[in-house]
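These notes are about the structure you will find just below.
Values quoted throughout were computed directly from the atomic coordinates according to the rules given, and no laboratory measurement underlies them. Just so we're clear, the structure is a prediction, and the values are computed from it rather than from any experiment. Cβ: placed from backbone, ideal geometry, glycine included. Neighbour counts: every protein chain shown.
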Amino acid sequence: MPDDDTDRVFGFPTRPRSPLRFVRRTTRAGATAARSRLTFTLGGPTRTQIVAVLAGVLALSSADVATVGASAIELRQHLHIDNTDIGLLVAVSSLVGAVAALPFGVLADRVRRTWTLSIAISLWGIAMLWSATAGSFGKLLLARLALGVVTAAAGPIVASLVGDYFPGRERGRIYSFILTGELIGAGVGFAVTGDIAALSWRAAFVALAIPAFVLAYLVFRLPEPVRGGQGALLPDPGYRQSTSDDAGSESAPGGITDAQRLALERHIAPDPRLVRQGSAERMGFMAAARYVLHVRTNVALIISGACGYYFLAGVQTFGVEFVHAQYRVNQVLANLLMLVVGGGAAAGVLIAGPLGDKLLGTGHLKGRIQVPAFAAVATVLLFIPALVTHSWITALPYIVLAGAALSAQNPPIDAARLDIVPARLWGRAEGIRTSVRTGAQALAPLLFGAVSDLLSGNHPYSGLRWTFVIMLLPLSASAFFLFRAMRTYPSDVATAAVVSEATRAPTPSAE
């Protein structure tokens, strides 16, 4: 019987196999198997490439925020700043991004999205290199201002592309994989660049800038999809079909999502005022903004998402410091624990999107709202014991489950948002939503830092615990608005269906 630990030539053993070589081969085989499985699950190589690239876009933005948080100790020591200044570094880029998201939303509805996003990512890489060369807090703050402008492109353009690349019946599942990029980026920021920052915070920013240029090239090479969702990519023959197909439902006609088809079949009454407003042949930005902000479900989802992302931004910025102080562990172990929490969050994301699609496919029209609503309640309840205990072993299960429940809200909500807004307004609607969400993310690090400094006295860490306790209030508000959205969702879906049918072009053309 051959010995697995030796190489053989003509059946005779030669030298013992190198352990490093064995690990390399095993890793390569595992990566190949994982790639094949992912390609099968997503429906073919082309769809997998698109999902991976869009996930990479979100990963870059998330890694940037997490890197600032993981580099907080080094930045404070080298630039002589406090927690409020750390929060300000994240806040300024987010505040500028909140404003810039609005024009990018308009561009997402009117220009070639892949090229626009590619240019923005290239500028993002340049801004990161500029951050690495900053010699003072003021210069670093200025670099972060420039960074905020270009990162604002991600939200509106990615949402618009997802709506046009993939059929409505599986967008929750697709969003699960794309939003996993945010968590991977946060993990890279906490662990990889965080450890690099322990040696040099400048090197951490350079480490993020380099892959940005590679990603910009990959985005540039993506095909531009037909607008309106009428040219969505179906799974290749022989690959996994969507959840709704498994459940036996048929695909909705072009330009109408499956949720909208279901609402029409059940004769749910649309909002006549919105139908008149949305059926206008041309809508400028102000008219589009009025329409989007009159969709009651959309307003509830925007507020709920802003509250959730507000808390998440605080965790990304001060999570490592909180774990280090609350559970008395060193920074290496704190980074490792945050990675474990990120794994739980990834599980929540990957479960929630398909679950929302499955509920929709079996006739539960509110499924994409029900899943995040109950997850939001679980998030608040699970964080409470984690904030009480001082033992990381006791807290870890609660934090992991809380992270899973917090992240689980996003895929079904993002899919639902495309069901309540007509396709021609996806970019502008997401631009408005991104503006509000990014504004909340901008305030979070600043308020987290300011409140912790106020409560800590002379000790920089003692106030973080009570800060996180206070910030559970926005999480509770997030759950409240999701339950509110359940009541208005069916009518708003029916309204979007009627408006989409009234304004759909008879023969769409690719850009």
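Among 362, 303, 284, which residue has its Cα furthest toward the positive end of the charge dipole of the range 268-363, with +1 on Lys/Arg Cβ and -1 on Asp/Glu Cβ?
Among 362, 303, 284, the one farthest towards the positive end of the dipole of the range 268-363 is 284.
Given a Förster distance of 56 Å, report the FRET efficiency between residue 25 and residue 266 from their Cβ-Cβ distance, rounded to the nearest 0.05.
On the way: r = 55 Å, r/R0 = 0.99.
For R0 = 56 Å, the calculated efficiency reads 0.50.
Quick one: which residues, 5 or more positions from residue 166 or on another chain, have an amide H under 5 Å from its amide H? H modelled 1.01 Å from N in the peptide plane, none for Pro or chain starts.
233
Assuming 0.36 nm per residue, please report the length gained on full extension of the stretch residue 483 to residue 126 beyond their Cα-Cα distance.
124.3 nm
Collect residues whose amide H, placed 1.01 Å from N in the peptide plane, falls under 5 Å from the amide H of residue 471; neighbours closer than 5 in sequence don't count.
Close amide H contacts, sequence-distant or interchain: none at all.
Once phi is turned into θ = phi - 60°, what whole-Hz ³J(HN,Hα) does the Karplus curve with 6.51, -1.76 and 1.60 give for every residue of the range 118-135, x standing for Gly and Pro?
These are the phi-based 3J(HN,Hα) values: 4, 5, 4, 5, 4, 5, 4, x, 5, 5, 5, 5, 4, 4, 5, 9, 5, x Hz.
At a Förster radius of 22 Å, what calculated FRET efficiency corresponds to the Cβ-Cβ distance of residue 388 and residue 339, to the nearest 0.05?
Taking R0 as 22 Å, the efficiency between residue 388 and residue 339 is 0.45.
Could you give me the ³J(HN,Hα) list for the range 425-434, computed from phi with Karplus coefficients 6.51, -1.76, 1.60 and θ = phi - 60°, whole Hz, x at Gly and Pro?
Once rounded to whole Hz, the list reads 10, 4, x, 5, 4, 6, x, 5, 4, 5.
From the phi angles alone, apply the Karplus equation (6.51, -1.76, 1.60; θ = phi - 60°) to the range 406-413 and give each ³J(HN,Hα) in whole Hz, x where the residue is Gly or Pro.
Going residue by residue, I get 5, 6, 5, 6, 6, x, x, 5 Hz, with x marking Gly and Pro.
Once you have the Cα-Cα distance between residue 218 and residue 233, take 0.36 nm times their residue separation minus that, and quote the gain in nm to one decimal.
Using 0.36 nm per residue and subtracting the Cα-Cα distance, I get 3.6 nm.
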